[in-house]
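**Student:** For reference, the structure I am asking about is given below.
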Amino acid sequence: MNNFRLIFRAACYSLVFAAFSNISQASSVDPRQVTITVAKLLEQGHYSRQKLDAAMSKKVLDTYLQTLDYTKLFFTQEDIDQIYRKYGNTLDEDVVVGNVQPARDIYNLFKQRVKDRVTKIGPLLDKQYTFKSNRTVALDRRKEPWPANEAEADILWRDRIEGELLQ
């Protein structure tokens, strides 16, 4: 079972590698080939011969999204739903043929969400806080749900910044 987890993580990290691969074109490593090799390892390299299917697509996608936004502060549930509608059942097919575009698309969406959030944080840092509320802030958001939408994410960030300033 540990080998399977190792190979499964390799599949997820190959998606991360594929997403970042357009940053440095000087590399001679072909992200397509890495993705195809990892898919073969998943299906043939483990004694259980784990099939790369729609169920595995969802697991790989879950891990990829958690790797990108492990604190669940940038994507919203609306983003996650859109990603699953688009790639949730087909990521296995993309990985098998070495199509790294889904990983790049998701990563580009993540970069855009980070950029948008950085723009919105400036005014929050200039705001005067009184610290007189009884709100709570989850410091470890890994097990929390994604914010439902942009408005909920704005509230989450306001509370988080206030909590950080209070600390």
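**Student:** What pairs from K58/K120; K58/K143; K86/K120; K72/K132 go past 21 Å between their alpha carbons?
**Tutor:** In this structure, K58/K120; K86/K120; K72/K132 lie more than 21 Å apart at Cα.
**Student:** Still on this structure, I have one more. First measure r as the distance between the Cβ atoms of I155 and D105, then evaluate 1/(1 + (r/R0)^6) with R0 = 30 Å and state the FRET efficiency to the nearest 0.05.
**Tutor:** It comes to 0.60.
**Student:** In whole Hz, what ³J(HN,Hα) sequence does the stretch 76-81 give by Karplus (6.51, -1.76, 1.60; θ = phi - 60°), x for Gly and Pro?
**Tutor:** 3J(HN,Hα) across the stretch 76-81, in whole Hz: 10, 4, 4, 4, 4, 4.
**Student:** Using the Karplus curve 6.51 cos²θ - 1.76 cosθ + 1.60 with θ = phi - 60°, what ³J(HN,Hα) values do you get for each residue of the stretch 62-73, in whole Hz, with x for Gly and Pro?
**Tutor:** Working through the residues one at a time gives 3, 5, 4, 5, 5, 5, 6, 10, 5, 9, 6, 10 Hz.
**Student:** A follow-up question, please. Round to the nearest 0.05 the FRET efficiency obtained for V29 and F131 when R0 = 35 Å and r is the Cβ-Cβ distance.
**Tutor:** Working from the Cβ atoms, E equals 0.10.
**Student:** I would also like to ask the following. Label points 7 Å out from Cα along the Cβ direction at E78 and K58: separation in nm?
**Tutor:** Between E78 and K58, the simple spin-label model gives 2.4 nm.
**Student:** Work through the residues other than L125 whose Cβ is under 15 Å from its Cβ and net out their charges, Lys, Arg +1 and Asp, Glu -1.
**Tutor:** It works out to a net charge of 0.
**Student:** Could you tell me whether the stretch 48-92 comes out rounded, prolate or oblate from its Cα gyration tensor? Rule is a ≥ b ≥ c as square roots of the eigenvalues, rounded for a/c under 1.5, then prolate if a/b exceeds b/c, otherwise oblate.
**Tutor:** Judged from the Cα gyration tensor, the stretch 48-92 comes out oblate (a/c at least 1.5, b/c at or above a/b).
None of the figures in this text is laboratory data; all of them are computed from the coordinates on show. The shown structure was predicted, so the numbers you read here are calculated from the model rather than taken from an experiment. We place every Cβ from the backbone using ideal geometry, glycine too, and count neighbours over all the protein chains shown.
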